[in-house]
Amino acid sequence: MQCDHRGLKMILFNVLATLFASASPTWGFQMSRDNWHGNLQNGVSDLDKPTSQPHIIFILVDDQGYRDVGYHGSEIKTPTLDRLAAQGVKLENYYVQPLCSPSRSQLMTGRYQIHTGLQHSVIRPTQANCLPLENITLPQKLREAGYATHMVGKWHLGFYKRGCMPTQRGFDTFFGSLLGSGDYYSHYKCEGAGMCGYDLHEGEEAAWEQDRGQYSTSMFTQKAVDILARHDPRRPVFLYLAFQAVHSPLQVPARYLERYKSIPNLHRRKYAAMVSCLDEAVHNVTLALKRHGLYENSVMVYSSDNGGQPMAGGSNWPLRGSKATYWEGGIRAVGFVHSPLLLNRGTRSRALIHITDWFPTLVSLGEGTLNEDLNLDGYDVWEAISEGRPSPRRDVLHNIDPIYTKAKNGSWKAGYGLWNTAIRAALRVGHWKLLTGVPGYSDWVPPQTFSNLPLTNRWHNERVRWDRGKSVWLFNITADPYERVDLSLRYPHIVKKMLTRLAQYNRTAIPVRYPAKDSRSNPNLNGGVWGPWYKEEEDDEDNRESNLFTNYLAKKRWKKKGKKLKRK
């Protein structure tokens, strides 16, 4: 028997119209019979309409150096990244943090490290520490705005208790690793003698059944593609794809090495091959966006989490320094935005942008709400990126680390009584950049360093000898992005203004969270898996929280224990 669809639609309309007519007027439902009938005939409903909120794909890569992309003059072939950046907006005044956890914490919260207690180093897998639970995260705000939120890849924001896990911090799904590094194939990681465990997770459980020994870049890409394939384009999606690559260990499928036989240094050759594999992965994600109807209403952000590590094949030339330093080579990142929604595509942006800015920028793009109680340090920079308008940001606090190794010659006197220059800190205000304390490894490492000699041989490096005994540096970064001319003695009045600003920031800092190693974190006590190990009932919560706020002595105890383990 054939159905009369038009008759059924009319019956449905009359029934619903009767129900709504008898409903309370406080429902506020008003729709004419003609409009309703027209929508039924056209098969149109609010559920069928495409979302006005853009799909957001944030790709964070690990340890990619400033020069390690084709459009910055690298010998490494990155055709996908070059094309996407050329068709989008290249961010050429873009800053991140010098290490993994700090950059990720600021991306997730839009707040400086001094405001989350994560000023020092990274979150260790053996610490009872994680991104503080009182901080609202980017995926939480996007989920409030109606987004499906997915994370694939490296977390590195702590996991000692269940509440720290990605699926407890705003992500609907999570597939990836919790630690900062590990084997690309076996997904195992050792942290000191006798503390080795498995680190691949689906949600909050070990992903034993999904593990086929696949190279992590390929595995994470396939997972991301699967998520995009299953997603309904009518609902906005936030996909945070945080690759393990190109962090050490230097591992890569052999087929990618074939392209770089001409590079004599093995570290650099493997690293280059890993970047090419990464480039191919981004290509596959972009194809998936187009294939599944998401691309035209998407915003893709690509960013490195910190500078490259020359000892592991990375290059930041011509910038000074490396990963883990506050020189430009540690904090100025490869970054671009690719989107059909950009107004000024095919441009280079010189606007000052920091990784904290993605929180308010993406929440605003996603039509979410930004409450004042979030106390954000980031700015909405979409108009600066899309339209070429001036950045609302005027300064960047790179960090203040009160427990890092103190500069021997630093003092309050050297800081004009305004700041103790023994403390490691870095600040950018307008064209000026100030560094105090011990900024870190400060050489420039030119491309010819990557010869057939071991990278530990610094024959070609430009060694800095006149820095010894210093604890204050001032640079005009706009005029001197390579930090070759220290102006601290020439412009003491600028130094004083910058030190005053640094002191103002420091007054808003909270105590550092850097607890000592906890033996309960040992994977051997937790089924051979790195994962949540802290049991709330084992300790009084107040005592546990007080242990999280530690000082320099806790760090010294950590080092001594590490040395004892090595001797054993």
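Remarks
- Candidates Trp473, Trp533: the one that is closer than 30 Å to Ala128 by Cα, modelled with pLDDT of 95 or more and either assigned to a helix (DSSP H, G or I) or under 31 Å from the mean Cα position of the chain (by Cα) (or both) is Trp533.
- Any chance Asn409 is in a loop (DSSP other than H, G, I, E, B), open to solvent by 50 Å² or more (accessible area, probe 1.4 Å), closer than 30 Å to Thr500 by Cα and not hydrophobic (A, V, I, L, M, F, W, C): yes
- Scanning region 251-281 for residues that are over 15 Å from Asp63 (Cβ atoms), assigned to a loop (DSSP other than H, G, I, E, B) and hydrophobic (A, V, I, L, M, F, W, C) gives a single hit, Ile263.
- Some residue of region 219-233 being surrounded by fewer than 18 Cβ atoms within 10 Å (Cβ to Cβ), over 18 Å from Val152 (Cβ atoms) and of a type in the set (D, E, K, R): yes
- Flag if Gly378 is crowded, with 24+ Cβ neighbours inside 10 Å, assigned to a loop (DSSP other than H, G, I, E, B) and either of a type in the set (A, V, I, L, M, F, W, C) or touching a Pro at 6+ places or on another chain (Cβ under 8 Å) (or both): yes
- Members of region 486-523 that are among the aromatic types (Phe, Trp, Tyr) and surrounded by 16 or more Cβ atoms within 10 Å (Cβ to Cβ): Tyr505, Tyr514
- Residue count for region 381-395, restricted to those that are more than 20 Å from the chain's Cα centre (by Cα) and either surrounded by fewer than 18 Cβ atoms within 10 Å (Cβ to Cβ) or in contact (Cβ under 8 Å) with a residue 40 or more places away in the chain (or both): 9
- For region 166-194, a residue qualifies if it is of a type outside the set (Gly, Ala, Ser), assigned to a loop (DSSP other than H, G, I, E, B) and within 16 Å of Thr109 (Cβ to Cβ), and the qualifying residues are Arg169, Phe171.
- Residue within region 235-249 that is open to solvent by less than 40 Å² (accessible area, probe 1.4 Å), of a type in the set (Lys, Arg) and more than 22 Å from the chain's Cα centre (by Cα) present: no
- For region 115-132, residues that are more than 22 Å from Lys535 (Cα to Cα), buried (at least 24 other Cβ atoms within 10 Å of the Cβ) and among the aliphatic types (A, V, I, L, M) total 1.
- Residue in region 312-333 that is within 14 Å of Phe58 (Cα to Cα), open to solvent by less than 10 Å² (accessible area, probe 1.4 Å) and part of a strand (DSSP E or B) present: no
- Within region 346-367, the set of residues being surrounded by fewer than 20 Cβ atoms within 10 Å (Cβ to Cβ) and either part of a loop (DSSP other than H, G, I, E, B) or in contact with a strand residue (DSSP E or B) (Cβ under 7 Å, 6 or more places away or on another chain) (or both) comprises Gly346, Thr347, Arg348, Arg350, Glu367.
- Failed condition for Gly146, given (1) over 14 Å from the mean Cα position of the chain (by Cα); (2) more than 22 Å from Val237 (Cα to Cα); (3) open to solvent by 10 Å² or more (accessible area, probe 1.4 Å); (4) not acidic (Asp, Glu): (2)
- Inspection of region 269-281 identifies no residue that is of a type in the set (Asp, Glu), modelled with pLDDT under 95, within 30 Å of Pro139 (Cβ to Cβ) and open to solvent by 20 Å² or more (accessible area, probe 1.4 Å).
- Restricting attention to region 325-358, the residues that are under 10 Å from Ser386 (Cα atoms) and of a type in the set (D, E, K, R) total 1.
- Number of the condition not met by Met219 [criteria: (1) over 21 Å from the mean Cα position of the chain (by Cα); (2) modelled with pLDDT of 95 or more]: (1)
- Any pair with Cβ under 9 angstrom, 6 or more apart, that starts in region 139-154 at a residue that is closer than 11 Å to Thr369 by Cα and ends at one that is in a helix (DSSP H, G or I) and open to solvent by 10 Å² or more (accessible area, probe 1.4 Å): Lys141/Leu374
- Residues in region 500-530 that are assigned to a loop (DSSP other than H, G, I, E, B), touching a residue at least 60 places away in the same chain (Cβ under 8 Å) and within 14 Å of Gly117 (Cα to Cα): Thr508, Ala509, Ile510, Pro511, Val512, Tyr514, Pro515.
- Some residue of region 255-273 being closer than 18 Å to Gly176 by Cβ and within 24 Å of the chain's Cα centre (by Cα): no
The values are calculated or read from the model by the stated rules, or taken from the named source; none is laboratory data. Quick caveat, the model's predicted, so the values are computed rather than measured. Neighbour counts run over all protein chains shown; Cβ positions are idealised from the backbone, glycine included. For the accessible areas, the whole protein counts, side chains as well, though only heavy atoms, and no ligand, DNA or RNA atoms are used. Shrake-Rupley method; radii C 1.70, N 1.55, O 1.52, S 1.80 Å.
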